[in-house]
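Comments concern the structure below.
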Amino acid sequence: GKLGILQLGLEYNPGSHKTSIKHQYYKVPLCIKLALYLEETFPEMAYVYIISPSGGVLQGDRYRIDITLTNSAKSHVTTQSATRIYRMNRNFGSQMINLNVDKDCYLEYIPDQIIPFRDSRFYQVSNIKVHDEATCIYSEILTPGRVASNESFEYDICYMKVKSVNQDDK
């Protein structure tokens, strides 16, 4: 399997009146490109796409995503396409997501759907830390599998846990 890492720090830049990427580090099969600014009515919002050239999570893959927003940053983070969880005969794939949303920040973390294939094993833990004076919209979509291939709920395991706390770990 592959070890995919994405560390992303976003911060509002008063000079440009936009949220910008202040820190980035990634190791393929996870990567990002430049932030996009897609809304005229919300020009400070940075749109960031998580890209995986591998096409999905393979046996033994371990992904870690760390996203931090500071200094009134506003961002929408998503994936370029659905996350496919491929068949696994001995191991499992996992993903750990850590979101940290500081005071006066706004984050929309809305990836495309997760599609577990027949005989797949997937483990995901999401840790979300949101300041009481910040907003985080978090969404995950889990499909029953490849329905057209007659694989509804044919995966071995799909474990997804979400933990959310405020700045005081409450």
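In segment 26-50, which residues are open to solvent by less than 10 Å² (accessible area, probe 1.4 Å), assigned to a strand (DSSP E or B) and closer than 13 Å to Leu107 by Cβ? Listed by number, the residues that qualify are Ala46, Val48. Once segment 124-169 is narrowed to residues that are open to solvent by less than 80 Å² (accessible area, probe 1.4 Å), closer than 23 Å to Gly93 by Cα and polar (S, T, N, Q), the residue that is farthest from the chain's Cα centre (by Cα) is Ser149. Each residue in segment 95-107 was checked for being open to solvent by 30 Å² or more (accessible area, probe 1.4 Å) and either touching a residue at least 60 places away in the same chain (Cβ under 8 Å) or farther than 26 Å from Ser152 by Cα (or both), and 6 of them qualify.
Hey, among the residues in segment 1-25 that are part of a strand (DSSP E or B) and among the polar types (S, T, N, Q), which one's surrounded by the fewest Cβ atoms within 10 Å (Cβ to Cβ)? Talk me through it step by step, then tell me what you get.
We begin by selecting, within segment 1-25, every residue part of a strand (DSSP E or B); these are 3-13, 18-25.
Retained after the next criterion (residues that are among the polar types (S, T, N, Q)): 7, 13, 19-20, 24.
Working: Gln7: 16, Asn13: 16, Thr19: 27, Ser20: 18, Gln24: 14.
This residue is Gln24.
The values are calculated or read from the model by the stated rules, or taken from the named source; none is laboratory data. From a predicted model like this one, the values you see are computed outputs, not experimental measurements. Glycine also receives a Cβ, built like all others from the backbone with ideal geometry; neighbour counts cover every protein chain displayed. Each accessible area value is taken on the protein alone, full model and side chains, heavy atoms only, with ligands, DNA and RNA left out. Shrake-Rupley method; radii C 1.70, N 1.55, O 1.52, S 1.80 Å.
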